[in-house]
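This report refers to the structure that appears directly beneath it.
Please treat every number below as a calculation from the coordinates, not as lab data. Remember, it's a predicted structure, so these values are computed and weren't measured experimentally. So basically every Cβ, Gly included, is an ideal-geometry build from the backbone, and we count neighbours across all protein chains shown.
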Amino acid sequence: MDILSQIIVDNTLAVVLLVVGFILMCIEMYIPGFGVFGTLGGVMLIGGIVATKPTPLQALIMVVVIVALLCIVLSLSIHSASKGRLSKSKLVLKEVSVERSAVEDMEYFIGKDGVSLTVLRPAGMAEFEGVKLNVVSDGEFIPAGAHVSVARVDGNRIVVQKKSA
C-alpha cells in the first residue's frame, strides 16, 4: 500500500487531471449539450496521461483502460436511458409548469358568433371576437361575410355552421 500511495503523491497533478477528466466525460454522456464537458474532459485526460510521463507502451495501456472504462459508463448510460431511468434522474431538468392544451383553449369559442372572412368550401377563415381562426364548415358552402357560429371543436379542427338570419 505504501508503494501505491507514494505513486499517487508523486503524480498528484496527473491523478487529479485523470480523475476530473473522467468525471467530465461521464457528465457529457448524461447531459446533452455542445460538448464543453466532453472537450474539457478529453483535454484533461490527455494532460493526465502526458503528466505521468509514461513510455509509449504505458501510454497506450492507459488509453485502452480509459476508453474501456468510458465504454462501460456509456453502455450504462444508454441502458439507463432505454429503461426510462434517465428521465427520473436528478441530472435531467423536469418541466416546471403545465401548459393548457390548444384544444382546451379552442373550446372557449364553442357557441361564439363570428363572420366568415373567406369562402368556406368547406375550409376557410373566420373571425370571432377579433380573433382570426382557420375553420371548417360541416360540408356546406358558406360565402364570405356570412354570419357563422362555432358548433364544436374536434381536435385541432374548429367546425362552424351558418347562422340562420
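Globularity index of the range 1-70 is 1.17 (Cα radius of gyration / 2.2 N^0.38 Å, N = number of residues).
In this simple spin-label model, placing a label point 7 Å from the Cα along the Cα-to-Cβ direction at both residue 9 and residue 154 gives a separation of 8.2 nm. Placing R0 at 41 angstrom, the Cβ-Cβ distance between residue 73 and residue 115 gives a FRET efficiency of 0.05 after rounding to 0.05. Tell me, what is the FRET efficiency for residue 36 and residue 57 to the nearest 0.05, using R0 = 45 angstrom and their Cβ-Cβ distance as r? Efficiency for this residue pair is about 0.90.
The loop-placed GluC sites (Glu not before Pro) in the range 103-165, going by DSSP, that have at most 13 neighbouring Cβ atoms within 10 Å of their Cβ come out as 129, 140.
Computed from the alpha carbon positions, the gyration tensor of the range 126-165 leads to an equivalent ellipsoid with semi-axes of 15, 13, 9 Å, biggest first. Under 5 Å from the amide H of residue 146 lie the amide H atoms of 116, each residue being 5 or more positions distant or on a separate chain, with H modelled from the backbone and absent for Pro and chain starts.
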